[in-house]
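Contents: one structure, followed by commentary.
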Amino acid sequence: MFCLHNSKSFLSSNFLVKASTFQFIGRALSKIKFNAQWEKLAKKELCGKDPKSLLYVSPENITLKPVYFEEDRKGKKGEIPGVFPLTRGHYATMYTGRKHTIRQYSGFSTAQESNQLYKKNLKAGQTGLSVAFSLSTHRGYDSDNPRVAGDVGMAGVAIDTVEDMKILFSGIPLDKHSVSMTMNGAVLPILAFFIVAGEEQGVRQEELRGTIQNDILKEYMVRNTFIYPPKPSMHIISDIMAYMSKKLPRYNTISISGFHIQEAGADKSTELAITIADGLEYIDAAIKHGLDIDDVAPRLSFFFGVGMDFYMEIAKLRAARRLWAKLIQEKYHPKKRESLMLRTHCQTSGWSLTEQDPYNNIIRTTIEAMAAMFGQTQSLHTDSFDEAIGLPTEFSSRLARNTQVILQEETNIPKVIDPWGGSYLMESLTDQLEEKALEFIKEIEELGGMTKAIASGIPKLRIEATAARKQARIDSGLDTIVGVNKFHLENEEPIEARIIDNTQVRLEQIASIKKVKQERNDKKAMECLQAITECAKTGEGNLLDLSIHAARARCTVGEISQALEKVYGRYQLTHSIVQGAYKGSFINKEDFDNLANQVEDFKTKVGRRPRILAGKLGQDGHDRGIKVIASGFSDLGFDVDVGPLFQTPHELAKDAVTSDVDCIGVSSLAAGHKTLLPDLISELKKMGADDIVVICGGVIPHKDYNYLYEKGVHLVFGPGTKILKCAQRTLNKIKEMKKIY
Amino acid sequence: MLSYFSTRKPTPSHQKTSVPLLRTFVNATRQKEMHSKQTQRKTQNTTFNLGVKKKKVQKNPIPQQRKPKVSQKQTTTKTPTFQVLTLSPSTEILLEGIKNGDRRMLSKAITLVESELERDHKQATNLLTRIIEERRELAQIDPKSVDTFRVGITGPPGTGKSTFVETLGTNLCNEGHKVAVIAIDPSSRKTGGSVLGDRSRMVNLGAHENSFIRPSPSRGIAGGLSVHTSDQILLCEHAGYTHIIVETVGVGQTEVSVADVTDMFMLLISPGGGDVLQGIKKGVVEYADMIVINKCDGDMIQRGKMIQYEYKNAIQLLGHQMGDWIPPVLTASSLMKIGIQDVWKKALEFKSHSQGNGSFETRRATKRKNEFWKKLYEFLKMGLHRSEPTMDLIHKLEPMVEKGIISSRKASSDIVNQIFQYM
């Protein structure tokens, strides 16, 4: 339900490259030619102004013209739905034959509570399930692991054993409902639990339907909920594909996700290119593993984000189907028609949601849902309007779900297949997006495929660059966000968000783990785990098969993950931080210099620069906030220590003490702040370091501010706070603590 | 400048502020500052004491033993240095804390040493003087108690230094050793602030209770080392850290300065990195006590072996300052944790070898001497900036040099003459 947005929120502000956007416009302008008759008329209506002033250059660097004509199709013929290259749809009938699945991503707290929610949702018109797991589960930790004390049950449901999985689906027959699971890191134990939960419901493996996300490649680029390094992770995926193509023929083995790439701020062509390139990499891995293209390709599904750029989003889905069909045909020559089909789930953009004036988000989501349906998605999640603030409530979830129900039931939109097909505009945009994406896909192939490209860091850089460009467009007012950079609301009414008692959830989970471990045959369980470790070492045997055995023997998520970790190790991400970028893009030099001088002044008084530790607590892997902080603050003259991801409060406090920093800045985007920050402060107290200023920012509901202040947090920054303001207040606070005036 | 060695007692108001521990410490520092402002002018004027001492230094450049002499000269009492050097209450607390292995106190002490405030400077000097005395006493009772091993690790960017330190350090910590890592980060000179990201590459080591990782901005000082590195090492050792790892970035002629503060200079290279030997200046290789070819895993094993062979040949030609030691060239992969144990075995071999032939101590002595000269120059520079009359003269001459009215040579020698005639 609460999705892992790599949101724009944390102190994104005035960041990077303004000039470049305008350069693009200049370059693009000269190429454009209009229909002569129209140009004449338009010029008259514009009182002599050049109609070229109506051009709009999108973040993809595609020029949107005020009008399109037949010429824009470059003499291409119309296509037929269900016929190669499948641009208009991979089936002949599409929605007219079968409606899209309303699949709302949800899950929180314990299995019991999520189960109640699922049953209620299914009754109310939802047609498919989509499970959101707790961050602790994602990262392969049991709920009793002290490392995840603040994460259990927060951004999704905590699942530790097969017993939890059984409760999650109790009363929901798994042969009747398709279940999608967003899991990438701890994919082996979770998939194994699901299969065994079905088994113990009396459902055979071949009857299970649904999708597991299992898209590890994008985790290294944007989402950071990986466990192992890329290479062994790819091995795990190959084993899963090998097992499932034989035993679970109706289950999608990977959902290749562009969604998170768009959420990180990437433009549509980048999202499209990276997603398709990821897909090709998985197929290559499977083929290397000895599988046939026709065993693998039909079981791959896709997952795209749908944002506010209406035309572009529809074109993206059309271009995606065409690109995939063409590339698969060209590279692998499959025999089955199904291998060419790009079946996709979509989710409305969390990035487009605003904390300011949040009811506007209902409207945004509706428009995005329409774009997804026009683009012929197979299933859809619509965001709740309050997701930029906290976890959705029952009310906001109902609105979100009904957005889709109304579109399906009341609008007649699904009565026509690919209604935009044949539009000069849409066909032209589809062509252009296809071309742009293909260019980048080729670049990736030249680097030796996606795994190698990731190692080179190029895709990540590209995403970060487009994200920076996008931010610059918003900051400069080139792109509008109502309530944020235009039409501000004077007084914001506070809205309700769901509260989860994380401590209670954790205690319940710990109790149930204990019970399961007491009742199981320990010797058997250890043997199963040993077999997994052995297989990871030698590569002989199938890891999913062995995990299923372990699940039956009641091994936990943590135990199975640990059995693999012994061999593979845990992957650590290193930060690359750009220095000078913030200063370089700063328009109002005066304000910048003023603060920089204050920092210098601090230095002469205290004997060193103000030093701040930018850190992340818990299993929330969004690192953009601390990167922005590190980059901006160091440009202003602060010394910035950057801590690793996934730290415990004790570790962060220890680092702060060791570096003798003046301030700790914590970025929190996954709702763990109410447990983790008080813990951090008590750790600091224990070390006698409670004179360190603690500030935090990210997705933190306003009503939590006071709680955090009471617990000793000094400053809380909401989404969209400008770096400069944040740095100024931080410096003032440090001075106050040190009694320097 | 040499008033750092002076025995001026802290002002009475200082001694009164002696409520226990941290908050007090912070407050005390505040008050110190206020005082330092008042006393600053005075000290600045005394800066030119340097002139006198300088002559002596030239005649007789033996550093360490001179300290007591200086203090005795300036004090009227004839008590030994130990008691003469009264620390301010807050510094006293630091010293106690360091000895108790208190992380926060050690960390505060390092900050004190790094501080650019003159007042802090004096306290830091006193603190270090006390520590040296204490360690010398300890050594007399039991030499083992002050036995430490300082390892310097340098290599070109991208050779996996941090990962190497992470793996090596974690091993040592798991064996029960206390390991301090001083990681020198390149500083952004244009804007002044630094991003210190080394710790994010040393996750397991950082989380270990036996470790102390302190990233330190280089502040644009050549060689990547700050003038304070040797002092930081001493502080860590006094806090019970027996293994000190100093990690610096990049390799150029100047990077060998890490060799000046450590017992063993380990050069890291990667098999992927460009032309063999050409990428790294010969001078650096000459200084290396050991060469590790890191990242030797997967496709790189073969290439690593080739480079190992070439370096072995080169080393035989170059030789080593410690005549009977041939620097070993090893291959390792810190990521896959291959060969790290062997590296450490060789390192220990080096240590016992050099201790056996006495060069361990003589090398430390030479390095202390080099360190002394380096600091002297650095402090001279600082004294220059702090001296008002000199800065006045400089500001007068600078525009004339700019305009080409007088030569830079003339201006500089005028200033130097003025400084040393002041006495």
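The values are calculated or read from the model by the stated rules, or taken from the named source; none is laboratory data. Worth saying up front: this structure is predicted, and the values here are computed from it rather than measured. Here the Cβ positions follow ideal geometry from the backbone for every residue, glycine too, while neighbour counts run over all protein chains shown.
Quick rundown of the values:
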item: Counted residues, region B:286-336 - those being part of a loop (DSSP other than H, G, I, E, B), surrounded by 14 or more Cβ atoms within 10 Å (Cβ to Cβ) and free of Cβ contacts under 8 Å to residues at least 40 places away in the same chain; result: 6
item: Residues being away from every other protein chain (no Cβ under 12 Å) and either modelled with pLDDT under 70 or touching a Cys at 6+ places or on another chain (Cβ under 6 Å) (or both) - total across region B:217-232; result: 6
item: Which numbered condition residue A:363 fails, given (1) in contact with a Ser or Thr (Cβ under 9 Å, 6 or more places away or on another chain); (2) assigned to a helix (DSSP H, G or I); result: (1)
item: Candidates B:204, B:210 - the one that is at pLDDT 85 or above and touching a Lys or Arg at 6+ places or on another chain (Cβ under 6 Å); result: B:210
item: Any hit, region A:712-721, residues being crowded, with 22+ Cβ neighbours inside 10 Å, within 14 Å of chain B (Cβ to nearest Cβ) and either closer than 22 Å to residue A:605 by Cα or touching a Gly at 6+ places or on another chain (Cβ under 9 Å) (or both); result: no
item: Close pairs (8 angstrom Cβ cut-off, 6 or more residues apart or separate chains): more than 8 Å from chain A (Cβ to nearest Cβ) and more than 13 Å from residue B:231 (Cα to Cα) in region B:112-129, of a type in the set (Asp, Glu) and surrounded by fewer than 22 Cβ atoms within 10 Å (Cβ to Cβ) anywhere; result: B:119/B:33
item: Region B:225-248, residues that are assigned to a loop (DSSP other than H, G, I, E, B) and of a type outside the set (A, V, I, L, M); result: B:226, B:228, B:240, B:241, B:242
item: Any hit, region A:689-704, residues being of a type in the set (Asp, Glu) and under 25 Å from residue A:573 (Cβ atoms); result: no
item: Helices (runs of 4 or more DSSP H) lying entirely in region A:418-530 (those with 3 or more residues that are under 26 Å from residue A:391 (Cβ atoms) and free of Cβ contacts under 8 Å to residues at least 40 places away in the same chain); result: A:502-519
item: Per-region count, region A:300-315, residues touching a Ser or Thr at 6+ places or on another chain (Cβ under 8 Å) and either among the basic types (Lys, Arg) or part of a helix (DSSP H, G or I) (or both); result: 2
item: Residue match in region A:597-615 (condition: free of Cβ contacts under 8 Å to residues at least 40 places away in the same chain and either more than 12 Å from chain B (Cβ to nearest Cβ) or aromatic (Phe, Trp, Tyr) (or both)); result: yes
item: Residue in region A:567-589 that is more than 8 Å from chain B (Cβ to nearest Cβ) and modelled with pLDDT of 90 or more present; result: yes
item: Residue check for residue A:625: at negative phi, away from chain B (no Cβ under 13 Å) and in a helix (DSSP H, G or I); result: yes
item: Every residue from region B:337-354 that is touching a helix residue (DSSP H, G or I) at 6+ places or on another chain (Cβ under 8 Å) and either over 15 Å from residue B:265 (Cβ atoms) or not in a helix (DSSP H, G or I) (or both); result: B:337, B:340, B:341, B:344
item: Region B:160-181 residues that are part of a loop (DSSP other than H, G, I, E, B), paired with ones that are surrounded by 21 or more Cβ atoms within 10 Å (Cβ to Cβ) and among the aromatic types (Phe, Trp, Tyr) (beta carbon under 6 Å, 6 or more apart); result: B:178/B:241
item: Qualifying residue in region A:696-703 (condition: closer than 30 Å to residue A:492 by Cβ and assigned to a helix (DSSP H, G or I)); result: yes
item: Positions within region A:636-659 being at the interface with another protein chain (Cβ under 7 Å from one of its Cβ atoms), in a helix (DSSP H, G or I) and of a type in the set (A, V, I, L, M), in sequence order; result: A:657
